[in-house]
Each structure stands twice: as C-alpha cells, then as structure tokens.
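Enquirer: The structure's right below; bear with me while I get my questions together.
What follows draws every value from the coordinates through simple rules; no lab data is involved. Note that the structure is predicted; figures quoted are calculated from it, not measured. For neighbour counting, all protein chains shown are included, and Cβ atoms are generated from backbone atoms with ideal geometry for every residue, glycine included.
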Amino acid sequence: MKPRIVILISGRGSNMAALLAASLPLEIAAVISNRPGAAGLALATAQGIAAEVVDHQAHATRETFDQALAEAIDRHQPQLVVLAGFMRILTPAFIRHYQGRLLNIHPSLLPAFPGLHTHRQALQAGVRIHGCTVHFVTEQLDHGPIVAQAAVPVLPDDTEETLAARVLESEHRIYPEALRWWAEGRLTLRDDGRVGVQGAAFPQGALRVPGAAA
Ligand code: NHR
Ligand code: GAR
C-alpha cells in the first residue's frame with residue numbers, strides 16, 4: 001500500500017502544487033492550512049484532495065493551535081507530515097509527536113539564514129550562491145537533519161523578488177525528488193543525526209559564481 005502524507009500550507013501553495021504534479025508513489029490524504037484564504041486550498045480541492053483549515057487566529061495559544069492541528073492531521077493517519085510554505089513555528093510537543101515524520105523546505109542553504117526573509121538576508125550578506133534545503137524538522141528552528149539542497153547563483157542585479165523566483169524553481173525540483181526518495185524507502189535518519197539517501201546519483205559539474213566552471 002502507498003504511504004500516506006498530509007501537506008501543511010499557509011498561502012500560495014506552489015510547492016504543494018509541485019508535489020501534486022509529480023505523480024509520486026504516495027497518497028496525499030489532505031492539505032491543511034492555518035489561513036482560511038490560502039490560495040493552495042482551492043488548488044488542492046480542484047484536484048480532488050481534501051482541503052481543511054485549522055485557523056491559528058481561533059486559538060489563544062500556540063499550544064492549543066498545535067493540538068487542534070495535530071488532531072486534524074492524525075484523523076488521516078499519515079506516515080509523514082510535509083510543511084510546504086507553512087508559516088507557523090511549531091511547539092516542542094507537536095514536534096515530539098511527529099519525531100522523524102516531519103519534513104520542511106526552507107528557502108536558503110541551511111545552516112545559513114534560518115528564519116524569515118531569507119532572500120533579503122542573502123542579499124544583505126552578499127553571498128554569491130543561495131538556494132534551498134529540504135530537512136527534517138526538529139525543535140530548533142530550521143536546524144534539523146538535511147535531506148537535500150539545491151544551489152542557485154545570486155546575480156548582481158537581483159532583488160528579493162528575482163532571487164526568490166530563482167530559488168522557488170529549485171524548490172519545485174528538489175522537494176518532489178526528496179519525497180520520492182522517502183516514498184521509496186530510501187531515506188534513513190541515522191544515529192549521528194545525519195540523513196542517508198540510498199542510491200542517490202553523484203551530481204555532475206559544480207556551480208561557481210561569478211565565472212564559468214573550468
Ligand atoms: N517549527 C519548528 N519547531 N522547527 C522548525 O524547523 C520549523 C517549525 C515551523 C515551521 C518552517 C520555517 C521555514 O522554513 C518551519 C520550521 C515560520 C517561521 C516564523 O517565524 C519561521 C520559520 C519557518 C516558518 N513564523 C512566525 C511565527 O510567529 C509567523 C510568520 C507569519 O505568520 O507570517 O510563527 O522558514
Ligand atoms: C517557499 O519559498 C517556501 O520555501 C517558503 O515560503 C514559500 C512558500 O511558497 N517557506 C518559508 O519561508 C517557511 N517559513 P508556496 O506557498 O508557493 O509553496
């Protein structure tokens with residue numbers, strides 16, 4: 001039987017859409033948003049996937065919101081919970097409940113630029129290479145074991161918007177790939193806290209910016 005996942009979103013849902021489009025060998029049991037107006041909800045509904053809202057604004061504390069969110073998730077009995085542009089920091093109790101079963105995509109090359117406004121942070125730091133990271137979620141924000149990363153160049157005329165768009169394209173490539181590895185049972189969370197990927201291809205070539213590769 002195909003493994004089941006639940007996807008959590010907060011807005012546009014383009015990473016969710018990339019996962020839906022990838023025909024992955026898994027069942028997307030539901031998409032849940034903490035914002036009632038999230039555009040991704042309509043996208044999911046249009047594809048026949050259960051779309052639900054757990055509105056964080058209806059909760060006085062992070063703890064009760066996270067409890068309601070976990071109840072909504074667990075009704076679907078997923079083997080994995082996938083954060084795709086989900087914008088609420090999760091409490092330690094929630095993280096413990098989904099230990100090793102919670103994935104996120106973060107728009108930077110972690111451990112650089114955790115938190116919000118990553119493209120602004122990258123431009124301010126003057127880095128030549130930026131990107132995105134798929135990682136398991138732990139209590140420490142944006143610090144969990146890394147599954148996959150993709151690098152993109154930062155160009156001299158980049159704005160937050162142009163850089164974000166370039167990174168987003170790479171997000172849409174590596175998140176489905178990482179989910180496929182998971183669905184095929186090729187990911188292992190090792191005792192040393194690192195992630196093993198069975199049978200991953202060694203990448204050809206390297207990115208160097210500025211300047212052409214030798
Ligand atoms: N929760 C834990 N405990 N650990 C992580 O690594 C998490 C997490 C929850 C979300 C995604 C993360 C990202 O990829 C993520 C990783 C939201 C914020 C944030 O500051 C920071 C990081 C991430 C997501 N959120 C504000 C808050 O007060 C609200 C911002 C908003 O609503 O727009 O929760 O970057
Ligand atoms: C993506 O770039 C995702 O990496 C980022 O927000 C965007 C969501 O877009 N996530 C975070 O910043 C988490 N704090 P999407 O809704 O179109 O997938």
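Enquirer: Restricting the count to DSSP beta bridges whose residues both fall in the chain, what percent are antiparallel, rounded to a multiple of 5?
Expert: 45
Enquirer: To continue, here is another question. Might you report the magnitude of the Cβ-based charge dipole of the chain about its Cα centre, with Lys and Arg at +1 and Asp and Glu at -1, to the nearest 20 debye? Could you put the intermediate results ahead of the total?
Expert: On the way: 18 positive and 19 negative charges, 67 e Å.
Taking the Cα centre of the chain as origin, the dipole is about 320 debye.
Enquirer: Which of the listed residues, P145, I89, V197, is farthest toward the dipole's positive end in segment 63-214, when Lys, Arg count +1 and Asp, Glu count -1 at the beta-carbon?
Expert: Final value for the positive-end residue is V197.
Enquirer: For Cα pairs less than 8 Å apart in space and 6+ apart in sequence, what is the mean separation divided by the residue count of segment 45-191, i.e. the relative contact order in percent?
Expert: Averaging sequence separation for qualifying contacts and normalising by length gives 17 percent for segment 45-191.
Enquirer: Find out how many positive minus negative residues lie around D157, taking Lys and Arg as positive, Asp and Glu as negative, among other residues whose Cβ is under 15 Å from that of D157.
Expert: Result for the local shell: -1.
Enquirer: Just want the ordering: D191, D74, from fewest to most Cβ atoms lying within 10 Å of their own Cβ.
Expert: Details: D191 6, D74 13.
By the 10 Å Cβ count, ascending, the order reads D191, D74.
Enquirer: Which net charge results for the neighbourhood of P3, defined as the other residues with beta-carbon distances under 11 angstrom from its beta-carbon, given Lys and Arg at +1 and Asp and Glu at -1?
Expert: Computed value for this residue: +1.
Enquirer: In sequence order, what are the phi-derived ³J(HN,Hα) couplings for segment 109-116 according to the Karplus relation 6.51 cos²θ - 1.76 cosθ + 1.60 with θ = phi - 60°, rounded to whole Hz, with x for glycine and proline?
Expert: 7, 4, x, 6, 6, x, x, 9
Enquirer: Would you please give the residues with an amide H less than 5 Å from that of M87, counting only those at least 5 places away or on a separate chain, with H modeled from the backbone geometry?
Expert: Residues meeting the amide H criterion: S10.
Enquirer: Would you look at the GNM of the chain, springs on alpha carbons closer than 10 Å, and say which of A21, A178, A164 moves the most?
Expert: Judging by the Gaussian network model, the answer is A21.
Enquirer: Need one number: the % of Cα-Cα pairs in segment 1-89 sitting beyond the 16 Å mark. Mind showing how you got there, number by number?
Expert: Details: 1897 of 3916 pairs.
Across segment 1-89, Cα pairs with separations above 16 Å total 48 percent.
Enquirer: Just to confirm a number: summing +1 for Lys and Arg and -1 for Asp and Glu over residues other than S33 whose beta-carbon lies under 10 angstrom from that of S33, what do you get?
Expert: It works out to a net charge of -1.
Enquirer: Now for a different question. Taking amide H atoms as placed 1.01 Å from N in the peptide plane, list the residues 5 or more away in sequence, or in a different chain, whose amide H sits under 5 Å from that of L109.
Expert: Under 5 Å from the amide H of L109: G131.
Enquirer: I've got another one for you. Springs between alpha-carbon atoms under 10 Å, Gaussian network over the chain: tell me which of P111, P25, P153 tops the mean-square fluctuations.
Expert: P111
Enquirer: Report the Cα centroid-to-centroid distance between segment 8-81 and segment 83-140 in angstrom, as an integer.
Expert: 18
Enquirer: Now a separate question. What list of ³J(HN,Hα) couplings, whole Hz, do you get for segment 129-138 from phi and the Karplus terms 6.51, -1.76, 1.60, once you set θ to phi - 60° and write x for glycine and proline?
Expert: 10, 9, x, 8, 9, 9, 9, 6, 8, 10
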